[in-house]
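Remarks on the structure that follows.
Laboratory data are not the source of any read-out in this text; all were calculated from the coordinates shown. Because the structure is predicted, anything quoted here is derived from the model rather than measured. In this analysis, Cβ positions are derived from the backbone assuming ideal geometry, glycine residues included, and neighbour counts consider all displayed protein chains.
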Amino acid sequence: MKNLTIETRTARETRLVGEVLGRNAQGGQVLALHGDLGAGKTTFVQGLAAGMGVQVRVTSPTFVLVNDYNAGHKMHLVHVDTYRLGNSTGDVLDDAATFGMDDFLDDPAAVVAIEWAERVAPLLPVDHLSVSLAVVEGSPDGRILCLHAGGPQSESLLMALAEHVAASKKLAPDQQAST
Ligand SMILES: Nc1ncnc2c1ncn2[C@@H]1O[C@H](COP(=O)(O)OP(=O)(O)O)[C@@H](O)[C@H]1O
Ligand SMILES: [Mg+2]
């Protein structure tokens with residue numbers, strides 16, 4: 001299974017989707033988050049962090065570009081926001097190199113979650129989980145999450161989420177899966 005669409009009705013449900021993924025994350029995985037300001041990318045990462053066992057509150061890294069959180073099982077969560085990358089040098093990829101993006105992406109103990117990931121698309125491994133969030137029209141608290149797995153590692157993460165959704169009636173009864 002390479003694609004999964006989930007509709008959430010509250011911020012809490014979006015956090016829960018992230019949390020399920022966080023519980024199943026194993027390190028070396030990359031999550032590329034897409035969606036406008038306010039779509040819910042940071043909300044999703046808060047859930048991801050909770051699922052990984054991060055004990056501190058996850059905030060938006062918009063001004064610091066990257067936050068590194070200790071998680072359980074010798075893993076850590078690297079939360080990157082590329083929104084302001086390139087402001088100083090004019091080159092997004094140069095800035096990403098400066099703060100060690102390549103090292104994070106190569107670290108088998110790191111789960112890397114990147115907001116506005118399209119801005120660093122050339123740096124992303126093919127096998128990443130892409131998560132696109134969009135507001136549901138006419139429903140301010142509704143969001144559509146479109147998830148796509150680029151390879152086997154992210155596919156296993158997506159499978160775990162699909163199984164959880166299938167087993168749970170609380171989360172997004174109208175989710176759809178496709179291959
Ligand atoms: N279903 C939902 N999923 C995620 N966020 C939601 C949802 N409904 C309302 N919200 C609200 O939308 C805002 C999303 O903000 P944030 O996660 O910071 O977005 P982004 O990081 O994409 O800019 C939060 O205030 C959150 O409470
Ligand atoms: Mg954000």
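For the chain, the longest principal axis of the C-alpha atoms and the axis of helix 41-52 are separated by about 80°.
Build a GNM of the chain with springs between Cα atoms under 10 Å apart, and of Val80, Val131, Val165 the one that fluctuates most is Val165. When the scattering of the range 1-51 is computed by the Debye formula from its Cα atoms alone, each counted once and equally, what is log10 I(q)/I(0) at q = 0.19, 0.21, 0.31 Å⁻¹? Here the Debye-derived log intensity ratios amount to -0.64, -0.78, -1.33.
For the charge dipole of the range 1-151, defined by +1 on Lys and Arg C-beta atoms and -1 on Asp and Glu C-beta atoms about the Cα centroid, which residue among Thr14, Ser132, Asn67 has the Cα displaced farthest towards the positive pole? Checking the options against the dipole of the range 1-151, the answer is Thr14. Of Gln46, Gln29, Gln55, the residue with the greatest mean-square motion in the GNM of the chain, using alpha carbon springs below 10 Å, is Gln55. Quarter the surface of the alpha carbon convex hull of the range 84-127 and you get the mean projected area, 3.1 square nanometres.
Going by alpha carbons, how many degrees (0 to 90, nearest 10) lie between the helix axis of 152-167 and the longest principal axis of the chain? The two axes meet at around 30 degrees.
A viscosity of 1.002 mPa s and a temperature of 20 °C, combined with the Kirkwood radius over C-alpha pairs in the Stokes-Einstein formula, give the range 49-115 a diffusion coefficient of 173 µm²/s. Taking 0.36 nm per residue of separation and subtracting the current Cα-Cα distance, fully stretching the chain between Val64 and Asp36 would add 8.2 nm. Note on Asp94 and His73: the model spin-label points, each 7 Å out from Cα along the C-beta direction, lie 4.0 nm apart.
Just the number, please: Stokes-Einstein D of the range 22-174 in µm²/s, Kirkwood Rh from C-alpha pairs, 25 °C, 0.890 mPa s. Estimated via Stokes-Einstein, D reaches 155 µm²/s. In the chain, a dipole from Cβ-located charges (positive for Lys and Arg, negative for Asp and Glu) runs towards its positive end, and of Met1, Ala160, Leu85 it is Ala160 whose Cα lies farthest in that direction. Between helix 11-24 and the chain there is an angle of about 70 degrees, using the helix long axis and the longest principal axis of the Cα atoms.
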